[in-house]
Amino acid sequence: FETADYALPQSLPPIIRKAIIALVYREQKQVLHLQGLGRYPRQVLVDRANEDLRAITTILGDNDFILGTGAPTTYDIDLYCSLSIVFYHDWAGEPGYVCKKDFPKLVAFVERMRSLLM
């Protein structure tokens, strides 16, 4: 729960911050269970995510953009948005580190897209 504490106003009493975090955590856990993701062991989710990232890397190949075009398409922007959550947010933690280490082509893709969009 400590990682979520920074997102709440520090003017709130600590007990209120902890209560809010616990409520959000419980709700998100329930949502993930209802969506189906919360029903799988963590390792199954990690394996599936790695399979997806390998597939994206294969499709990207040596191209700068996902469809092999000379300029980004909406598919590239969508992929960038999805990947940037893992690459740029502190809360991604271990998954972000693993992605950066194991998928250098995706890192290059995200950096390329970021430089074009920012």
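The values are calculated or read from the model by the stated rules, or taken from the named source; none is laboratory data. Keep in mind that this is a model prediction, so the values were computed, not measured. Heads up, the Cβs are rebuilt from the backbone with ideal geometry, glycines too, and the neighbour counts pull from every protein chain shown. Heads up: the accessible areas ignore ligands, DNA and RNA and are worked out on the full protein's heavy atoms, side chains in. Shrake-Rupley method; radii C 1.70, N 1.55, O 1.52, S 1.80 Å.
The set of residues in segment 68-94 being open to solvent by less than 50 Å² (accessible area, probe 1.4 Å), among the small types (Gly, Ala, Ser) and not in a helix (DSSP H, G or I) consists of Gly68 alone. Every condition in (1) open to solvent by 50 Å² or more (accessible area, probe 1.4 Å); (2) part of a loop (DSSP other than H, G, I, E, B) holds for Phe65 except the one numbered (1).
Of the residues making up segment 63-86, not a single one is out of contact with any Cys (no Cβ under 9 Å at 6 or more places or on another chain) and over 19 Å from Leu116 (Cβ atoms). Among the residues of segment 62-76, just one is in contact (Cβ under 8 Å) with a residue 12 or more places away in the chain and farther than 18 Å from Pro104 by Cα, namely Pro72.
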